[in-house]
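The structure under discussion appears below in the form of structure tokens.
The values are calculated or read from the model by the stated rules, or taken from the named source; none is laboratory data. A quick note: this is a predicted structure, and the numbers were derived from the prediction, not measured. Every residue, glycine among them, receives a Cβ derived from its backbone with ideal geometry; neighbour counts consider all protein chains shown. In case anyone asks, the SASA skips ligands and DNA or RNA and just uses the protein heavy atoms, side chains included. Shrake-Rupley method; radii C 1.70, N 1.55, O 1.52, S 1.80 Å.
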Amino acid sequence: FCAEPRRNGSGLLTVGHSYNGQLPFAAQEARSIADAFHGEALIEDLATPRRLTELAPTYRTIHLAAHGDFRPDNPLFSGLALEDGWLTTFDIFNLRLNASLVTLSACQTGRNVNSGGDELLGLMRAFLYAGAASLVLSLWPVEDRSTARLMEAFYAGLADGRSKAAALRQAQLQFIHQQAGKEHLSELYAHPYFWAPFFLVGDGGPL
């Protein structure tokens, strides 16, 4: 289903929100990725759920950098904190996307709960249902600065023509070897805490 050639979105949309200044690198991350791909960026006060849901269906690549919260007691209210409210799992189920890739650069975006019918409920299921061909998600709370660096390395790989799976793998290997391009990374980033939470679901091929 994810690999069906039915994606007709184009361009890149990034969303960056610092959660009242608590995640200063989220906005920087979104802006940097948008600049690299000549995409559109919704930063801070422009990063509203309404604006995102209006624009998202027309884009092929969507990158969201924000505070995330997983609600195991009620996964439909898990979501991302934006400028004037939350983008929840329930909201996403009502979207219709044409995206080849949606990246959720936030805490615990890949966690799910088994529902009564043995289905997984969470942001992952919601975005796949909405039409995303693939997702990059996280399994645990992530650190702001290192996440921004990892995502910049991931999108640099995509810009070089790597597949989504290969670009994510290469970015993680750069953290393990403490080298991103010509730049030396902190040796702390080699620890799995910083690179291992992110994983790809869906079509791992090219954008």
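Summary of values
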{"item": "In segment 164-189, the residues that are outside any helix (DSSP H, G or I) and surrounded by fewer than 18 Cβ atoms within 10 Å (Cβ to Cβ)", "result": "H177, Q178, Q179, G181, K182, E183, H184, S186"}
{"item": "Positions within segment 51-88 being out of contact with any helix residue (DSSP H, G or I) (no Cβ under 9 Å at 6 or more places or on another chain), within 22 Å of P197 (Cα to Cα) and buried (at least 18 other Cβ atoms within 10 Å of the Cβ), in sequence order", "result": "A81"}
{"item": "Evaluation of D91 against (1) open to solvent by less than 40 Å² (accessible area, probe 1.4 Å); (2) under 28 Å from A165 (Cα atoms); (3) touching a residue at least 24 places away in the same chain (Cβ under 8 Å) (one fails), failing number", "result": "(1)"}
{"item": "Subset of segment 171-207 (residues that are polar (S, T, N, Q) and within 24 Å of Q108 (Cβ to Cβ))", "result": "Q172, Q174, S186"}
{"item": "Residue check, D35 free of Cβ contacts under 8 Å to residues at least 12 places away in the same chain and open to solvent by 10 Å² or more (accessible area, probe 1.4 Å)", "result": "yes"}
{"item": "Segment 110-157: number of residues that are assigned to a helix (DSSP H, G or I) and touching a residue at least 60 places away in the same chain (Cβ under 8 Å)", "result": "10"}
{"item": "Within segment 43-86, considering residues that are touching a Ser or Thr at 6+ places or on another chain (Cβ under 8 Å) and assigned to a helix (DSSP H, G or I), the one nearest to S10 (Cα to Cα)", "result": "T58"}
{"item": "Positions within segment 190-207 being crowded, with 16+ Cβ neighbours inside 10 Å and of a type in the set (S, T, Y), in sequence order", "result": "none"}
{"item": "Residue satisfying all of: in segment 38-61; free of Cβ contacts under 8 Å to residues at least 60 places away in the same chain and β-branched (V, I, T); farthest from F127 (Cα to Cα) among these", "result": "I43"}
{"item": "Checking S134 against (1) of a type in the set (S, T, N, Q); (2) closer than 30 Å to R71 by Cα; (3) in contact with a Phe, Trp or Tyr (Cβ under 7 Å, 6 or more places away or on another chain), the condition it does not meet", "result": "(3)"}
